[in-house]
Each structure stands twice: as C-alpha cells, then as structure tokens.
Amino acid sequence: MDQKILSLAAEKTADKLQEFLQTLREGDLTNLLQNQAVKGKVAGALLRAIFKGSPCSEEAGTLRRRKIYTCCIQLVESGDLQKEIASEIIGLLMLEAHHFPGPLLVELANEFISAVREGSLVNGK
C-alpha cells in the first residue's frame, strides 16, 4: 500500500492519490505510517504523499490531515523512533501547519495544551 501511495504521489496531479486515500479505512493510514516510521523506512515521503492527497479544500482531506497530524505527534512523543526520523516528521508537520484551516489549528492547539496540563507529553519533542 505504501508503494501505491508513493507512486500516485509522484504523478503530476493528486486526483488519483486523493481517490485512493478516500478508499482506505480510517486506521489504515495511521497504522501504515506508524509501521514505516518505526522501521525507519520511507516515513517522510509517505507523510508528504498523504498530505499531498489530503487537500484542506475538502472536508475529508482536512479530517485525514488532522488524524495524521495527531498520530505523528503521538508517535514522535512515544520515543519509539530514531532521532532522524522523528526530526524529519516534526519538520514536515511544521511545514504543513499553515495549510490547516484556523478552527482546526485551534483544535490541535487545545489538544496539545490539554496533553501538557495532564502531563502525558513525557518525551518533550
């Protein structure tokens, strides 16, 4: 599945990639991303492809981005990743943050504030 996503992302337009991502079940992408990141494989390229196929102009794309963003933060925070992979993911998340609509950014910020207050962010990344 990761190779299919990467090959569709390499095409000029993202139409086929968007269609393919919409056919996946909710947890498929997060599981795939987690597995690839822990293995130290193509996590950065896969993350870029997912964001490319998830435009904020569509509600489904925005929701997918939010889920992936939250998943990546939890993954980086878990401490299970190599430093280079974690840094690459954080960099990509920072580059993509400006694409999110304002209300979604507020939701994400509130999640992080709650996590800090609860003390569940232990890794500090």
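The values are calculated or read from the model by the stated rules, or taken from the named source; none is laboratory data. For clarity, every value in this text was computed on a predicted model and none was experimentally measured. Positions of Cβ are generated from backbone atoms using ideal geometry, with glycine treated the same way; all protein chains shown enter the neighbour counts. SASA here: full protein model, heavy atoms, side chains in, ligands and nucleic acids out. Shrake-Rupley method; radii C 1.70, N 1.55, O 1.52, S 1.80 Å.
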> Filtering the stretch 21-41 down to residues that are hydrophobic (A, V, I, L, M, F, W, C) and buried (at least 17 other Cβ atoms within 10 Å of the Cβ), which residue is farthest from SER87 (Cα to Cα)?
Replying inline: LEU21
>> Just to check your reading of the model, which residue among ARG48, ARG64 is farther than 18 Å from MET94 by Cβ, under 16 Å from the mean Cα position of the chain (by Cα) and at pLDDT 90 or above?
In response: ARG64
> under 21 Å from THR13 (Cα atoms) and among the β-branched types (Val, Ile, Thr): does that describe THR70?
Replying inline: no
> Looking at (1) in contact (Cβ under 8 Å) with a residue 12 or more places away in the chain; (2) open to solvent by 80 Å² or more (accessible area, probe 1.4 Å); (3) over 28 Å from GLU19 (Cβ atoms), can you tell me which one GLU118 breaks?
Replying inline: (1)
>> Just to check your reading of the model, which residue among GLU111, GLU96, GLU59, GLU84 is acidic (Asp, Glu) and buried (at least 17 other Cβ atoms within 10 Å of the Cβ)?
In response: GLU96
>> Residues that are crowded, with 19+ Cβ neighbours inside 10 Å and of a type in the set (A, V, I, L, M): does the stretch 66-73 have at least one?
In response: yes
